[in-house]
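Below: the structure, in structure tokens.
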Amino acid sequence: MIMTSDAQELVAIIHPQGHMTLDWEASDEEYSEASQEFQQKLYRNDQDGQDWLLLLGFSDKKLHLSGSLSYLRDIASTFTHQLTQIADLENQREHVTVPLPEHALQRWLSTVPLCVGSEYISATFLKHIWEQLQMRFQQVLTQYDGTVTELIHSYQPDMHIAGRVFFHLVEHSKGDAPFAFLATYASHASGESAARHVPLKHALQEYAQHNDQLLELLSTVYRASAKSTLLPDLIETGEIFHPLGWQPEKAFRFLKEIPLYEASGIICRIPDWWTPKSTEFGVNISLGDKQPAMVGMNAIMQCSVQLEIGGVPITAEEVRALLNETEGLALIKNKWVAVDHAKLQASLEAYEKARSLIKDGMSVREALALHTNIDNSDTEQTIHHGLSFGDWLEDVACKLRDPELITDTPPTDQFHATLRPYQQAGLNWLAFLDALGFGACLADDMGLGKTLQLLAFLSILQKRSVQSLLIVPASLIANWQREIEKFYPSLDYYIAHPGYGHTGLPDKFELVITTYGMVQRDEEIQQHQWEYIILDEAQAIKNPGTRQTQAVKKLHAKNRIILTGTPVENRLGDVWSLFDFVNPGLLGNQREFKAFAKTLKDQPDRHGTLRQVIQPFILRRLKTDKSIIDDLPDKIEMKVFSGLSKQQTVLYHDLLKQLEDILENSEGIQRRGLILSSLTKFKQLCNHPDQYVGSGKFSAEHSGKFQRLTEIAQNIRDKREKMLIFTQFKEMTAPLDSLLAEVFGHKGLILHGSVAVKQRKKLVEQFQDTKDYIPYMVLSLKAGGVGLNLTSANHVVHFDRWWNPAIENQATDRAFRIGQKKNVVVHKFITEGTIEEKIDLMIEEKMKMANDIIKAGDESWITEMWTEDLKNMFRLSL
């Protein structure tokens, strides 16, 4: 895809396997022409298989990019900066090793932006990026005939590699001057391989007869002096060649100019305390030393406020005293900090404002909003608002970050399932947030049992005799109904949907299950006071402007839970809407959050602050995380129930009447043939009515399976995973391909019996290639069921059932086989109340008939059943 308007931006997609690709996404950001051209260049490099990361590292930092690319540019530009600071780089060339600064690694881990695949960013991932950058630079340099300087200038003309001159600044305890400055250079003595660092004054003697060599040595100094306010005087007076004692004011001028020196090729050695944080002025609010009298986001907690400079506590009186001094460095409590009058004044004002805010205490919501600085996003001087937790709140925060620390809350005896350890931890977490009055987002990976954990939580709520509302997509009602009957049959639930005979809410119930569409139409649901409102597939409310989202947010509830299998933090725009429902007011109103989001362009570190605020309320475990889930099977099988659309229901009844006529008026071979023919028609109808009638339109709204497949595919798309879809009907491969291409925004592949054998090999290679994201492959069961290696997929969908477990398992094993490094999730589609469900139950219950099914290679066994049994099997039971 090529960007054609300002309404799109280039983003980096991080895939589960750890590799990255670039793609275009819709955006309301405005990009300059230079920025658009650079994005196009990056995209072309990615498409051509070239290394775009290195290009990103040498790019102009003033170019506006998406959040994901800005984050990666920070990593890549740190690499290029570290590279240019290596002395003797020209001699080391491709043998150079660029060290990864530990402080940078920790900063990147704490400032991960909200983007697609951000959940896969770890220390290992970041180290791999660094290794990629180093390997690519070495490869390019090996093939380059010119100097290292010439190569770097081909990327960035204004970037210079380190020369031989070093500037040193150290704290000095002797004499009147608290700092000492010394310029040195690397000198290679005769017969020595390693360079020695000697004072710069020795260069005057070493190159007394070689003025051109002296000028070359000092070229970096002269280059820096062209923009420096400090160096010209040092050069003119000759002080640059001698040790100097400096007062704080001069040392401060030097420290501020370090980026200029380093960009010019001078290597600087300075005190460890000089970091961006040493110039950071802030107000730290300590919250929650004792447990409040009430719970929830509005709970009022005792607070205290403290001024800080560079992390060092300071009193308001000391700040006022500093305002009377000149700007520079000040020694406060044995630590040097930078004094900036404008920031000091703004900090003092913020401190006084905070004191007035906390005079009567502060709610949890107010404190967290202040922590994100949402209400201060438009001020000229942005002040860091720290939020430290007192003893009680720190204990709460630790438990929210690590559910393993929470005391077990077992489900009641009416709950009929044994929870895995991580599921029990999830239940504990939900119960803990319930006790605190906080909303929760359970975002476990698909297949880890979010439904099971929620039902276990509802069994705990039963003790309080509360009434809760569960809102689901219509296609999921059947799934919830079966999970309840299987694991929590004593739950008093009611389905508020016309398809289930809904005419009004009953007087007594524990749980009402309804759909997002019903919430918009049913006044009784809208007016009821619920204990909990629970959203399944909560991404349905990610767009705050839709009627559906607005209707859900108008509902009345004491607390809220959302369930989603997709990463909540994939897109910054979705986060506000979801958390505006979970914990209203946590991220301010929509206008305030948009203003805050704009500041992330210039202050990317605030991504980390935003994560700190929302993450206590998100629980997400991945199937691949063996540190949490060590007993999870490598293959997870899930039954996916879907309902019939109105059109399917009418056609099903008509087809059932035809079958009854066949059973009454035929016998022998004719009867068996007609039954098998009818069976095929029922399968086609359950897939899509247009497959049965042959109209060729295949609208998703007319098929329950198409709707459910769309929802599953959206989850897979948001995680950039891959899927295989098996069908026994060749004519279904094209409609399924059209549906999935629209969902993913990418074309997939089709493989059926008409595809030549040589072409099949190419399709497999294309699908397995990690460079291009091919999200799905649609396969006919017989053509794709054997002999193929498709391990890049970790989802397998059996769209229609063969009813021979051995054949289905063969197909599943295209993904679940040697070489598969991920857990495989198998989705077996079943249409509720139809023959598909009846036969699936027979297989599950291991009746004699099931043994015949397993042994048989076709469905001929059905034709031998008694007429009444056949009628019951095909009859629609809803």
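The values are calculated or read from the model by the stated rules, or taken from the named source; none is laboratory data. All of these numbers come straight from a predicted model, not from anything done at the bench. With ideal geometry, Cβ positions are generated from the backbone for all residues, glycine too; neighbour counts draw on all protein chains shown. These area figures cover heavy atoms from the full protein model, side chains too; ligands, DNA and RNA do not enter into them. Shrake-Rupley method; radii C 1.70, N 1.55, O 1.52, S 1.80 Å.
Summary of values
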| quantity | calculated |
| --- | --- |
| Within the chain: Cβ-based charge dipole about Cα centre, in debye rounded to nearest 20 (Lys, Arg +1; Asp, Glu -1) | 1460 |
| Extension gain (nm, one decimal) between Ser666 and Gln759, 0.36 nm per residue minus Cα-Cα | 29.0 nm |
| Two-site FRET efficiency, Asp654 against Arg482, from Cβ-Cβ distance with R₀ of 35 Å, rounded to 0.05 | 0.85 |
| In nm, spacing of pseudo-spin labels at Arg547 and His95 (7 Å Cα→C-beta vector) | 7.3 |
| Probe 1.4 Å - accessible area at Cys268, Å² to nearest ten | 20 |
| Exposure ranking of Val170, Val221 by accessible area [1.4 Å probe, largest first] | Val170, Val221 |
| Difference of contour (0.36 nm per residue) and Cα-Cα distance, His128 to Ile332 | 69.4 nm |
| Rough spin-label spacing in nm, given labels placed 7 Å along Cα→Cβ, for Thr418 and Asp605 | 5.1 |
| Residue-averaged [θ]222 nm for the chain, counting only DSSP H segments that reach four residues, each worth -39500 (n - 2.57) | -12500 deg cm²/dmol |
| Karplus 3J(HN,Hα) series, Hz, for the range 668-675 with 6.51 cos²θ - 1.76 cosθ + 1.60 (x for Gly, Pro) | x, 4, 4, 4, 4, x, 5, 5 |
| Length-normalised contact order of the range 663-705 in % [C-alpha pairs under 8 Å, at least 6 apart] | 27 |
| Extended-chain gain in nm, criterion 0.36 nm per residue less alpha-carbon gap, Thr770 and Arg107 | 235.8 nm |
| Relative contact order (%) - criterion: Cα under 8 Å, at least six apart; region: the chain | 9 |
| Over 19 Å (Cα to Cα) - which of Lys463/Lys554; Lys41/Lys62; Lys681/Lys747; Lys681/Lys838 fall in this group | Lys463/Lys554; Lys681/Lys747 |
| Solvent accessible area, Å² - Thr409, 1.4 Å probe, full protein context | 40 |
| Amide H contacts under 5 Å for Ile266, placed H, 5+ residues apart | Gly163 |
| Solvent-accessible surface ranking, highest first, for Met842, Met135 at 1.4 angstrom | Met135, Met842 |
| Three-way shape call for the range 195-316 based on the alpha-carbon gyration tensor, with the a/c threshold at 1.5 | prolate |
| Total formal charge among the other residues, if their Cβ is under 11 angstrom from that of Thr220, Lys/Arg +1 and Asp/Glu -1 | 0 |
| Solvent-accessible area of Glu664 with every protein chain in place, 1.4 Å probe, in Å² to the nearest 10 | 110 |
| Cβ-Cβ FRET estimate between Leu244 and Ile86, R0 fixed at 30 Å, reported to 0.05 | 0.65 |
| Exceeding the 23 Å Cα-Cα cut-off - candidates Lys553/Lys705; Lys758/Lys821; Lys450/Lys635 | Lys553/Lys705; Lys758/Lys821 |
| Net charge, Ile300 excluded, C-beta distance under 11 Å - Lys, Arg +1, Asp, Glu -1 | -1 |
| Probe 1.4 Å, all protein chains present, accessible-area order of His202, His502, largest first | His202, His502 |
